[in-house]
Amino acid sequence: MGYFTCNLGHSESWGKGQPDLLTKCYTKGVFNGNYGPINPTVNTSYTFLAALVEELKGVFPDKYFHLGGDEVPFGCWQSNPDITRFMNVTGMGKDYAKLEGYYMQRLLDIVAEKTERYIVWQEVLDSGVKVKPDTVVEVWKDGQEAELAKVTKLGFRAILSSCWFSATSPTAATGRRTTCATHRSLMEPASRRNL
């Protein structure tokens, strides 16, 4: 499976090789020399991402791409006057989660045209982004039983990884080794389970 994080929160390293991809950060209205996540307000970001997906298809022949979709820091966006203008014009106000959703929707549309399937972190589904019916949702935060039940009730397949990521998982809290196997029955939509 190809894993590339077109994830807004984990894309800073791309900025050195792709001019104007990342959002310029401001302090008191002046560019401060720092960069934040991918700039979701300019079409050049999506042109770059479409070309990247096309290139990666040749490198990773798998049917799935993991696209990320978690841990987006909003501070740089909040500081950037161009982002603020875009959000006002598009009716997003000051809801930066909507801007994140806008980016993810455009990215998922690009990937859906170029690949067969994709995997996203649970935040993508939780934020209301429209995903394809064959999307796989990776659950990694606490409350995995409820999240798995929600994801599969909606008809999506799921990957459970919260017992490896969560700081409050039994493994971290007790030092005992645990697995996600106890949740296997929740990982397939009810319509696909052998009951």
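Which members of the stretch 106-122 meet the condition of being in a strand (DSSP E or B) and closer than 15 Å to K57 by Cβ? I'd like the intermediate steps shown before the answer.
Narrowing the stretch 106-122 to residues in a strand (DSSP E or B): 117-121.
Selection gives R117, Y118.
Would you pick out the residues in the stretch 68-105 that are assigned to a helix (DSSP H, G or I) and of a type in the set (A, V, I, L, M)?
Residues satisfying the conditions are I83, M87, V89, A97, L99, M104.
In the stretch 45-73, how many are without any contact (Cβ under 8 Å) to a residue 12 or more places away in the chain and surrounded by 17 or more Cβ atoms within 10 Å (Cβ to Cβ)?
So the count comes out to 0.
Just checking, how many residues over the stretch 89-115 are small (G, A, S) and surrounded by 20 or more Cβ atoms within 10 Å (Cβ to Cβ)? Walk me through how you get there before you give the answer.
Narrowing the stretch 89-115 to residues small (G, A, S): 91, 93, 97, 101, 112.
With surrounded by 20 or more Cβ atoms within 10 Å (Cβ to Cβ) added as a condition, the list becomes 101.
Total meeting the criteria: 1.
Give the residues of the stretch 116-131 that are surrounded by 14 or more Cβ atoms within 10 Å (Cβ to Cβ) and under 25 Å from Y96 (Cβ atoms), sorted by residue number.
Y118, I119, V120, W121, Q122, E123, V124, L125, D126, S127, V129, V131
Determine, yes or no, whether V59 is within 24 Å of T47 (Cβ to Cβ), over 18 Å from the mean Cα position of the chain (by Cα) and of a type outside the set (S, T, Y).
Yes, satisfied.
Quick one: L49 ticks every box in (1) modelled with pLDDT of 95 or more; (2) within 26 Å of Y118 (Cβ to Cβ) bar one, so which box is it?
The one condition L49 does not meet is (1).
Would you tally the residues in the stretch 114-125 being at pLDDT 80 or above, in contact with a helix residue (DSSP H, G or I) (Cβ under 8 Å, 6 or more places away or on another chain) and either within 25 Å of N43 (Cα to Cα) or of a type in the set (F, W, Y) (or both)?
Initially, the stretch 114-125 is screened for residues at pLDDT 80 or above, giving 117-125.
Right, trim to in contact with a helix residue (DSSP H, G or I) (Cβ under 8 Å, 6 or more places away or on another chain) and you get 118, 120, 122, 124-125.
Filter once more, keeping what is either within 25 Å of N43 (Cα to Cα) or of a type in the set (F, W, Y) (or both): 118, 120, 124-125.
Of the residues in that region, 4 qualify.
The values are calculated or read from the model by the stated rules, or taken from the named source; none is laboratory data. Please read all numbers here as calculations on a predicted model, not as lab measurements. Note that each Cβ is placed from the backbone with ideal geometry, even for glycine, and that neighbours are counted across all protein chains shown.
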